[in-house]
Amino acid sequence: MARSEVPVRDFIPYACLYNDETVLTKNGQLIQILRLNGFSFESADLSEIDLKKRLRNMLFKSVASHDYALWFHTVRERQPTFPAGDFAPGFAADLNKRWKEKNRGRQLFANSLYISIVRRGTRNGWTGVQRLLQSLSQEENKVEQSVALEAACQDLTDITRRFETSLADYSPRVLTALAAPGELSRSLWRFWRA
């Protein structure tokens, strides 16, 4: 008995881009994604680190509802070369030289941190894109669904802006769509927002 082939698209939860910053999933959820730069905690004062932890916890608690979920991702990218840097003769130059020698031949990685802010779909009966599209064929439902989806997207955008403001020390950037050259679809992401 031959194994039936399952199309790859069945494993991808995304339906389409709702707008340049928002992904609409197959089950009606809306997602916006923030990319964060790191915070130099090694040289920070302990009281500053503690304050940042408390502020982050308060931010996360402020969206603690059944309508939202937060997904945290760390993407590790291999770095082809040792980080560049010129140092004046002395301790820093010697330390850099020894560290480079010690790590010669080792694989170096850079971590990229992401927060996906997920907004549950509207609660008025549809549970997926197919059902949404079917309901859009009826003129009454079309307006109602469109208004509900727009309100949910605006609510998500407000929450995302709150995260951007509260996490300003981490240089957050919202992922936005980028049209690939020569293509009509917006299929790539970039870390820029006008």
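Nothing in this text is a laboratory measurement; each read-out follows from the coordinates by a stated rule. Nothing here was measured: the structure is a model prediction, and the numbers come from that model. Positions of Cβ are backbone-derived with ideal geometry, glycine not excepted, and every protein chain shown enters the neighbour counts.
Things worth noting here:
- Taking other Cβ atoms within 10 Å as a rough exposure proxy, Val143, Val118, Val174 sort from fewest to most as Val143, Val118, Val174.
- As a proxy for reagent exposure, ranking His66, His73 by other Cβ atoms within 10 Å from fewest up yields His66, His73.
- Partners for Lys142 among aspartates and glutamates (Cα-Cα distance below 18 Å; same-chain residues under 8 apart left out): Glu150
- Neighbour-count order for Arg106, Arg56, fewest beta carbons within 10 angstrom listed first: Arg106, Arg56
- Protection proxy ranking of 31-38, 81-88, 95-102, by the mean of other Cβ atoms within 10 Å over each peptide's residues and highest first, is 31-38, 95-102, 81-88.
- For region 164-174, 3J(HN,Hα) computed residue by residue from phi via the Karplus equation (6.51, -1.76, 1.60; θ = phi - 60°) reads 4, 5, 5, 9, 4, 5, 9, 6, x, 9, 7 Hz, glycine and proline entered as x.
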